[in-house]
Every structure is written in structure tokens, then in C-alpha cells.
Amino acid sequence: MAEKSRPVGDKEGDEGMKPIPSSVFNERTDFFQAMAESSWLKSWTSDLLSRGRFKEAHILDIGCGTGEVLFSMEEGGSKTGVDFAEEMIQAAKSKRASGSESVTFLHADAGNLPFPEASFQTALSINVLFLMPEPEKVLKEAHRVLTAGGEMLLLNPSPLVSRSSIEPSAERLPDDEASMLREWGRVAERRHRFTSCRLAELLEKAGFSHTETVPSKDGLALLTRAVK
């Protein structure tokens, strides 16, 4: 990570949280691709996906980045990823190999999805919701585009995450992965600090039910499943 790269998160208190410009993500596409490939994030994501019921489901990844999660999924029918960072979407499209025609990527805003109601059976959002100034808006849009009985899967930092609490895990990682985890912890301190109760409240207000949130095995992330 270059020393002069722009910070990801900037917070002015819960009510004054600034949106993060897409340019921040566009400038750091390689960094976020490497983070998606890190052992710690892949472990959390695998645990989250194990809670889903995909089969032949049409799947939407909200804030898909460079598409790493969708490319890794063997189950499911058609897969669509959206992200508001154009460079991320271009990187995802460039990675799409022959045989992955069922994976589509679109430049789109998570708070204003370009899909009709009831377009998907599953929606994913990994390391995204805690960054959003208006998470309620994102969840309401996800609810709108899901079919009845569709599921929402979320991954967010645990409210216990801080630069100091992450250090024991970071020390066990290779240097490049450790630096990414430390930055993730720094950003987590400056954005939404969701508890499982707060996530349940937000999801219920958006129209979801049967919400369940559990910590990751290392306690650093919260893994959430909810049903429309």
C-alpha cells in the first residue's frame, strides 16, 4: 500500500458521516482486489456464504468490488454484481473468463438499484453496509429487488473491532495481509459500529424478518442472514 494513498473512511460522528467518494475506490482498485484475496476476508466470506441457500438462485452482490466473491461461487444461477466505483467494475469485467457468461457487472448506486422488484432470490453485501451514511436506504433497495422469501447476507466489522483488538490476529498474518487487516480495523473505527441488535433493527425497518447475526470464528466480523 502506497503511503500517499487516500484513506477509505472519514467520519464526523454517526449523524454527520460523510459519503466516501467513488474516486477513493477507483484509485485503490488493486488494494481492494488484494484484500478480497486475503486469507482473513476469504475465511469470513466462506463462513457467510455457508449460511446461504443458493441452488439455482439469481444472486445480486451489492458493492461487488472486483467480483471476487461472485467468481468464487459454484452454486447459484445467474450472478450480478454492482458497484459505484467504475474502475472496480472494469476490473471485474476484465477478469471474467470464458465460461462465466452467467456473471454480469454493472456500475450502479446501492441506494438506487437499476432492477425491477423481485429480480433476485439472494442479495449479498460484504464489507459495504458499515461504510454507508444511509444504510437504511441500501437495505430497503435490497428488500425491493428480492423475491418473497429471498435472503440477504451481510458481512460487517464487529463493534469490538479496533486497531488494538485486531493486532493479535494481524501479527499472525504475512506482512501484506496484516497491513490490510490493520487498515480495515482503522476504517471500522470511523464508520458505523453495528451491533447484532442494531442490524436486526435496520433489517426489520427495511421489511426483513428472521434475522440472525453471529460473530466470525475470530470475533472480528459479524455475519448476518435475513429473509424477506
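The values are calculated or read from the model by the stated rules, or taken from the named source; none is laboratory data. Please read these numbers as outputs of a predicted model, since none were measured by experiment. All Cβ positions, glycine included, derive from the backbone under ideal geometry; neighbour counts span all protein chains shown. Protein only, heavy atoms only, side chains kept; ligands, DNA and RNA dropped before computing areas. Shrake-Rupley method; radii C 1.70, N 1.55, O 1.52, S 1.80 Å.
Collect the residues in the range 40-51 that are in contact with a Lys or Arg (Cβ under 9 Å, 6 or more places away or on another chain) and surrounded by 20 or more Cβ atoms within 10 Å (Cβ to Cβ), keeping them in residue-number order.
Just the residues of the range 40-51 that are in contact with a Lys or Arg (Cβ under 9 Å, 6 or more places away or on another chain), to begin with: 43-44, 47-48, 51.
Residues satisfying the conditions are 44, 48.
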What pairs can you find where one residue is in the range 170-186 and over 21 Å from residue 130 (Cβ atoms), the other is open to solvent by 20 Å² or more (accessible area, probe 1.4 Å) and of a type in the set (A, V, I, L, M), and their Cβ atoms are less than 8 Å apart, with a gap of 6+ or different chains? 176/34
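Mind listing whichever residues of the range 126-145 are within 14 Å of the chain's Cα centre (by Cα) and under 16 Å from residue 207 (Cα atoms)?
Initial filter on the range 126-145 (within 14 Å of the chain's Cα centre (by Cα)): 126-132, 135, 138-139, 142.
Once the filter is applied, which keeps residues that are within 14 Å of the chain's Cα centre (by Cα) and under 16 Å from residue 207 (Cα atoms), the range 126-145 yields 135, 138, 139, 142.
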Residue satisfying all of: in the range 64-88; among the aliphatic types (A, V, I, L, M) and closer than 27 Å to residue 50 by Cβ; modelled with the lowest pLDDT among these: 73
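Can we say residue 68 is among the acidic types (Asp, Glu), on the phi < 0 side of the Ramachandran plot and touching a strand residue (DSSP E or B) at 6+ places or on another chain (Cβ under 9 Å)? Lay out the reasoning, then the answer.
Numbers: among the acidic types (Asp, Glu): yes; on the phi < 0 side of the Ramachandran plot: yes; touching a strand residue (DSSP E or B) at 6+ places or on another chain (Cβ under 9 Å): no.
Criteria not met by residue 68.
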Selection from the range 187-211 of residues in contact (Cβ under 8 Å) with a residue 60 or more places away in the chain and over 17 Å from the mean Cα position of the chain (by Cα) yields 205, 206, 207, 208
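Return the only residue of 67, 16 being surrounded by fewer than 17 Cβ atoms within 10 Å (Cβ to Cβ) and closer than 28 Å to residue 211 by Cβ.
Working: 67 fails: surrounded by fewer than 17 Cβ atoms within 10 Å (Cβ to Cβ).
Only one candidate qualifies: 16.
Quick check: anything in the range 99-111 out of contact with any Leu (no Cβ under 7 Å at 6 or more places or on another chain) and without any contact (Cβ under 8 Å) to a residue 12 or more places away in the chain?
As a first pass, look at the range 99-111 and keep what is out of contact with any Leu (no Cβ under 7 Å at 6 or more places or on another chain): 99-102, 104-111.
Still in the running and without any contact (Cβ under 8 Å) to a residue 12 or more places away in the chain: 99, 101.
Within the range 99-111, one or more residues are out of contact with any Leu (no Cβ under 7 Å at 6 or more places or on another chain) and without any contact (Cβ under 8 Å) to a residue 12 or more places away in the chain.
Suppose the filter is on the phi > 0 side of the Ramachandran plot, out of contact with any Pro (no Cβ under 8 Å at 6 or more places or on another chain) and surrounded by fewer than 24 Cβ atoms within 10 Å (Cβ to Cβ); does residue 76 pass it?
Details: on the phi > 0 side of the Ramachandran plot: yes; out of contact with any Pro (no Cβ under 8 Å at 6 or more places or on another chain): yes; surrounded by fewer than 24 Cβ atoms within 10 Å (Cβ to Cβ): yes.
Taking the combined requirement at face value, the residue satisfies it.
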Any idea which of (1) open to solvent by 20 Å² or more (accessible area, probe 1.4 Å); (2) touching a helix residue (DSSP H, G or I) at 6+ places or on another chain (Cβ under 8 Å); (3) among the charged types (D, E, K, R) is the one residue 61 doesn't satisfy? (1)
